[in-house]
1. For Lys289 and Lys132, what does the FRET efficiency come to when R0 = 35 Å and r is the distance between their Cβ atoms, rounded to the nearest 0.05?
2. Given R₀ = 30 Å, what would the calculated FRET efficiency be for Asn219 paired with Asp10, taking r from the Cβ atoms and rounding to 0.05?
3. Of Ile47, Leu207, Ile165, which is farthest on the positive side of the dipole of the chain, counting Cα position, with +1 on Lys and Arg Cβ, -1 on Asp and Glu Cβ, and the Cα centre as origin?
4. Near Val104, within a Cβ-to-Cβ distance under 13 Å, what is the net charge of the other residues, with Lys and Arg +1 and Asp and Glu -1?
5. Extending each Cα 7 Å along its Cβ direction at Glu265 and Val198, get the distance between those two points in nm, one decimal.
6. Rounded to the nearest whole Å², what accessible area per residue is found for the stretch 172-296 with the 1.4 Å probe?
7. For His259, what accessible area in Å² do you get when you roll a 1.4 Å probe over the heavy atoms of the protein chains, rounding to the nearest 10?
8. I need the calculated FRET efficiency for the pair Glu48 and Asn302, taking r as the beta carbon distance and R₀ as 25 Å, to the nearest 0.05.
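The values are calculated or read from the model by the stated rules, or taken from the named source; none is laboratory data. These figures come from a predicted structure and were not determined experimentally. All Cβ positions, glycine included, derive from the backbone under ideal geometry; neighbour counts span all protein chains shown. Just the protein is used for accessible areas: all its heavy atoms, side chains included, with ligands, DNA and RNA removed. Shrake-Rupley method; radii C 1.70, N 1.55, O 1.52, S 1.80 Å.
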Amino acid sequence: MFKIQPVYKDYIWGGNKLKEAYGKESDLDIVAESWELSTHPSGICEIEIDGEKKSLAEYIKENGKKVLGTKSMTEDELPILIKLIDARDNLSVQVHPDDDYAKVYENDLGKTEMWYVLEAEEGAQLVYGFKKDLSKETFKAAIEENTLSELLNYVEVHKGDVFFIKPGTMHAIGKGIVIAEIQESSNVTYRVYDYGRVGTDGKPRELHIDKALEVTQFNKAEELSTPYVMKMLEGVSIGTLASCPYFTVKRIQLEKEMHVLASEESFHDLLIVEGTVEIVEGSKKWIGKKGDSFFVPAGSGNYTISGQGELILSTL
């Protein structure tokens, strides 16, 4: 088991809640995203082995499916990416392609993702799809006429809400929201609207209208509901937040001790989002606090988690 050293991103819409409330230490003025588990070239996490730092990508290249697990669709690359995201301002309205499109046009994976809302200011909203079915022509005209906001489906969010974002779904995280995001290991995003903002170079940030037109699903947004039920055990509550061909994500509410098995099927990623817990694997022990992440290689066997807190457990 290894504690993860995240990678930080200072996008212009970010704030400082990840520093202030989640213990993130960075010289960046803004910490918009903390990549908690990643070997993507855009941001590679580090681990520590015998007192020496090593990139997680290098470790996985050396060990392959032995640490990824038999369920992994890749041989020696981490197939998922996990982030904490602090939206001080609205993110761009955007869409992601599926695997087939991304492979051809971006030499990357597509992006299926899920959001678990950790914090939401009163009245905070996000964009999830469209209010009604659209044609491609109507969508394109709305972009050109700057009326896209009239077509978008806005959803008020609260702590604990879960959203599953399929490729092709128009979406945007709104200001005042902190989320945990679990996704395919991809950094492909097509922006269609960015509020006229400029980047650090003083120029408007790039939009990707043509590609968005090719990958967007123009149907009305599906009805949303919290898709998980907590299973109550003695001192532990467990619920599945999302399960798809790419990942399974569970929420664990811990009050006592929990015994966990990391089988040969998949690695485990533990992201602590509330409280402080103790993790014991054999003779080794870690103290994990809010904001900490741990990588448990596949086949590690039994370990225990104790204390009081909330964790997100992600597996393949």
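1. Plugging the Cβ-Cβ distance into 1/(1 + (r/R0)^6) gives 0.20.
2. For Asn219 and Asp10, the calculated efficiency is 0.25.
3. After comparing all options, I get Ile165.
4. Numbers: positive: Lys103, Lys211; negative: Asp98, Asp99, Asp100, Glu106, Asp108, Glu214.
Around Val104, the charge tally is -4.
5. With each label point 7 Å from Cα toward Cβ, the separation is 5.3 nm.
6. 49
7. About 130 Å², rounded to the nearest 10.
8. Numbers: r = 22 Å, r/R0 = 0.90.
The computed FRET efficiency comes out at 0.65.
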